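All of the numbers you see were taken from the coordinates with simple rules; none came from a lab. Just so it is clear, the structure is predicted and the values come from calculations on it, not from any experiment. No Cβ is skipped: glycine too gets one built from the backbone with ideal geometry, and neighbour counts run over all protein chains shown.
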Ligand code: ATP
């Protein structure tokens with residue numbers, strides 16, 4: 001079983017990589033594939049190009065062989081709907097069990113995504129708590145799995161809630177701090193920060 005981790009990653013931060021590494025252990029996953037969106041659907045188009053965001057992901061995951069890049073949404077271009085991505089990936093690898101990894105803020109907006117029921121038909125969801133976000137547990141309640149360790153017995157259709165060590169990193173906060181010349185070393189690794197500065201991203 002693998003997990004796909006969709007996001008804008010503008011920029012990728014330690015909240016993302018730590019979450020991915022924790023869920024691999026918690027659910028005995030083979031890997032987590034980071035899936036940077038080309039055109040995120042539920043937010044304004046990022047100023048930083050998909051290619052630069054993808055390079056940031058590559059740099060951040062480089063120390064961890066269990067974390068991978070999946071450039072399906074960037075290669076496809078256009079609006080990055082999760083359901084379209086899952087469709088393409090399951091057609092290519094029909095035997096692969098897939099989890100879609102997301103934070104509580106993303107889960108709370110699930111019903112506004114394109115064809116969310118189809119997403120559940122093709123994947124399990126691993127939802128992670130996020131500081132300051134109240135998880136909406138009324139979404140698809142019949143799909144909630146009470147015993148997390150049972151997840152490996154289902155190839156799709158189940159939702160589990162994972163409590164990671166709370167991590168306050170957020171891309172929006174990082175962009176703001178970088179723009180003000182403040183320190184972000186708690187949330188970005190040195191190689192990621194160097195790439196950002198080299199390319200003058202986020203007004204650095
Ligand atoms: P922004 O601050 O602009 O909302 P972000 O930090 O959420 O950005 P995204 O690329 O949008 O970054 O996040 C991708 C996924 O990772 C989302 O599902 C989000 O909920 C989750 N995520 C991001 N940061 C954290 C965190 N600190 N803890 C748990 N989940 C997180």
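Restricting to the stretch 39-62, and then to whatever is free of Cβ contacts under 8 Å to residues at least 60 places away in the same chain and assigned to a loop (DSSP other than H, G, I, E, B), can you tell me which residue is farthest from the ligand (Cβ to nearest atom)? Filtering the stretch 39-62 for residues that are free of Cβ contacts under 8 Å to residues at least 60 places away in the same chain and assigned to a loop (DSSP other than H, G, I, E, B), the one farthest from the ligand (Cβ to nearest atom) comes out as 49. Among the residues of the stretch 5-38, those that are in contact (Cβ under 8 Å) with a residue 12 or more places away in the chain, more than 11 Å from the ligand (Cβ to nearest atom) and out of contact with any helix residue (DSSP H, G or I) (no Cβ under 6 Å at 6 or more places or on another chain) comprise 21, 24, 26, 28, 29, 30, 31, 33. Applying the criterion of being under 23 Å from residue 22 (Cα atoms) and within 10 Å of the ligand (Cβ to nearest atom) to the residues of the stretch 101-125, the residue that is surrounded by the fewest Cβ atoms within 10 Å (Cβ to Cβ) is 105.
When the stretch 63-85 is examined, which residues are found to be farther than 23 Å from residue 174 by Cβ and not in a helix (DSSP H, G or I)?
Start the filter on the stretch 63-85 by keeping residues that are farther than 23 Å from residue 174 by Cβ, which leaves 65-66, 72, 75-79, 81-85.
Once the filter is applied, which keeps residues that are farther than 23 Å from residue 174 by Cβ and not in a helix (DSSP H, G or I), the stretch 63-85 yields 65, 66, 77, 78, 79, 81.
Number of residues in the stretch 126-175 that are within 16 Å of the ligand (Cβ to nearest atom), surrounded by 11 or more Cβ atoms within 10 Å (Cβ to Cβ) and not in a loop (DSSP other than H, G, I, E, B): the value is 11. Tallying residues that are touching a strand residue (DSSP E or B) at 6+ places or on another chain (Cβ under 9 Å) and not in a strand (DSSP E or B) within the stretch 12-38 yields 16.
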